[in-house]
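Here is the structure we will look at, set down as structure tokens.
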Amino acid sequence: MDLQELQTNSSLHTHTVFCDGTDDVETMCRAAHEKGLKAIGFSAHAPIYEKTGWKSNWHLRDLDGYIVEIQSAKERWNGRLAVYAGLEVDFIKGLMGPVDFKDKGFDYLIGSVHYLTSPSGGEHFAVDGSVAELERGVELFGSADAMVNAYWDAEEALIAEGGFDILGHIDLIKKNNARGAYFSQTTPFYVERFIHIADLIAHAKSNITIEVNTGGLNRGKTTEIYPSPTFLRLLWKRNIPVILTSDAHCADHLDGNYAVGRVEMKKAGYL
């Protein structure tokens, strides 16, 4: 599949009832077709328990059933809508990452950092969970800056390991940081970490596409896209390819806030 051909007219970051979405595969396909999208890609949260031993109610539990259902959808929608089978795979250093699913026959993989493990290694938390969860993370790391630093370290390790096609919500750490409640996204430290990330992507051995993700806007969790418009410009200056996604957990959000995403992509220089 050509990600750049689908840059602004597809929805490749989607979740269904197979993980933490609310609609089934067929409902999502029908909605994508009605919205005039060229393609839909399913990216369920990859199974996590076997690799980590961590229990979760939002990761894929029936991998085989998921694959069968998407293959069936490909056949049903052939000639009307391109349907792709993907996974969003958590990168947790030393435990799991996209490379574990690289040769499993998926059309594409999204690599994402959702979890951080405490410095002691004894606890973990989701950076995009509740505000209380983020506060627990600050406590585990001793400070918000230390937590943010660990997040960027994880992003760097994910990029270095590779094995994925699309880098998911690159600055997800900001989700619960409304109005800079816990850390500033404009300090030299924060900006320099992002610049270093952008340079790593630009020189990565494998081709990496960054998603312009409107999911935070769709669910009222952020006031801007991932990555922030300022950072999107930095990616453009390094000729790093991007693709517009909605991180849809329901059919209504398949193209949610795409108008905003396209405007920011144009401002950055992509369109």
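The values are calculated or read from the model by the stated rules, or taken from the named source; none is laboratory data. These numbers were taken from a predicted model, which means no experiment stands behind them. Here the Cβ is made from the backbone with ideal geometry for all residues, glycine too, and neighbour counts use every protein chain on show.
Some notes on this structure:
- Filtered residue count, the range 257-271, keeping only those that are basic (Lys, Arg) and under 10 Å from Leu232 (Cβ atoms): 1
- Selection of the range 6-22 for residues being in contact with a strand residue (DSSP E or B) (Cβ under 9 Å, 6 or more places away or on another chain) and either in a loop (DSSP other than H, G, I, E, B) or not hydroxyl-bearing (Ser, Thr, Tyr) (or both) yields Leu6, Gln7, Thr8, Asn9, Leu12, His13, His15, Thr16, Phe18, Cys19, Asp20, Gly21.
- Criterion: surrounded by 20 or more Cβ atoms within 10 Å (Cβ to Cβ) and within 14 Å of the chain's Cα centre (by Cα) - qualifying residue of Thr214, Thr222: Thr214
- Only a single item in (1) over 21 Å from Gly168 (Cα atoms); (2) in a loop (DSSP other than H, G, I, E, B) is not met by Thr27, and it is number (2).
- The residues of the range 204-217 that are more than 17 Å from Pro229 (Cβ to Cβ) and at pLDDT 95 or above, listed by number, are Ile208, Thr209.
- Screening the candidates Phe125, Phe106 for the property of being within 22 Å of the chain's Cα centre (by Cα), farther than 20 Å from Asp247 by Cα and of a type in the set (Phe, Trp, Tyr) yields one hit, Phe125.
- Subset of the range 39-55 [outside any helix (DSSP H, G or I), surrounded by 14 or more Cβ atoms within 10 Å (Cβ to Cβ) and out of contact with any helix residue (DSSP H, G or I) (no Cβ under 7 Å at 6 or more places or on another chain)]: Ala39, Gly41, Ser43, His45, Ile48, Trp54
For (1) assigned to a loop (DSSP other than H, G, I, E, B); (2) more than 19 Å from Leu172 (Cα to Cα); (3) among the hydrophobic types (A, V, I, L, M, F, W, C), each residue gets a yes or a no:
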residue	(1), (2), (3)
Lys221	yes, no, no
Leu235	no, no, yes
Ile240	yes, no, yes
Asp252	no, yes, no
Gly261	no, no, no
Glu264	no, no, no
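- Test: residue in the range 168-190 that is more than 15 Å from the chain's Cα centre (by Cα), over 26 Å from Gly137 (Cα atoms) and either of a type outside the set (Val, Ile, Thr) or modelled with pLDDT of 95 or more (or both): no
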